[in-house]
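A quick write-up on the structure given underneath.
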Amino acid sequence: QLRLVESGGDLVQPGGSLRLSCAASGYTLDYYIIGWFRQAPGQEREGVSCITFRDGSVYYAESVKGRFTISRDIAKNTVYLQMNSLKPDDAGVYYCAARPDTSPVQGMPRLLFGPWGQGSQVTVSS
C-alpha cells in the first residue's frame, strides 16, 4: 500500500527557510495529487499546497503564495515543500497526504485525502 513519510521539519528563526520532503513508497505517485497540510495546536488542519504528480500543476493557499514552492522528483517518487520567509504563523505540524488524481476539486478538501504521513514539526521562533 501507499506509504508517505515526511521529513525536514525543524526549529527556525522568523525569515528562515526549510525544505520538507514527502517520500512515497509502495506505489508510484503518477496517479496522485500530493498535498501539504499543516495544523497548529488547537487549530483545524489546513491545506497549504498541493501538486498533481502527473503534470506538475500546483496550488497554493493565499497565506503562503510567493513564499512556498512545491515540487516533485519523479525519479525519487518524492514531493518537496520549500518554505522561505517563514513566519511564526507558519508553525505547526506539517502533513503530507495523497489523493487519487481523478477529477479536479475546489481547494484542498481534507476528507478527500489519504493516506497521510505522520507529520513533521515546524517551529518558527527567535
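Quick check: pseudo-label points 7 Å beyond the Cα along Cα→Cβ at residue 102 and residue 89, how many nm apart are they?
For residue 102 paired with residue 89, the spin-label model returns 3.4 nm.
Calculate the spin-label point distance for residue 118 paired with residue 28, positioning each point 7 Å from the Cα along the beta-carbon direction, and give it in nanometres.
2.8 nm
Expressed as a whole number of Å, what is the distance separating the alpha-carbon centroids of segment 12-45 and segment 55-121?
Segment 55-121 and segment 12-45 have Cα centres separated by 5 Å.
Please compute the Kirkwood hydrodynamic radius over segment 76-126, one decimal place, Å, based on all pairs of different Cα atoms.
Radius from the Kirkwood sum: 13.2 Å.
From the alpha carbon gyration tensor of the chain, can you work out the equivalent ellipsoid semi-axes (sqrt of 5 times each eigenvalue) and give them in Å, largest to smallest?
Values for the chain, descending: 23, 15, 14 Å.
Return, for the Cα atoms of segment 18-80, the radius of gyration and Dmax in Å, separated by a comma.
12.2, 37
At 7 Å along Cα-to-Cβ for each site, give me the label-to-label distance between residue 5 and residue 19 in nm.
Label at residue 5, label at residue 19, 1.9 nm between them.
All of the numbers you see were taken from the coordinates with simple rules; none came from a lab. Bear in mind that the values here come from a model prediction, so they are computed numbers and not experimental data. With ideal geometry, Cβ positions are generated from the backbone for all residues, glycine too; neighbour counts draw on all protein chains shown.
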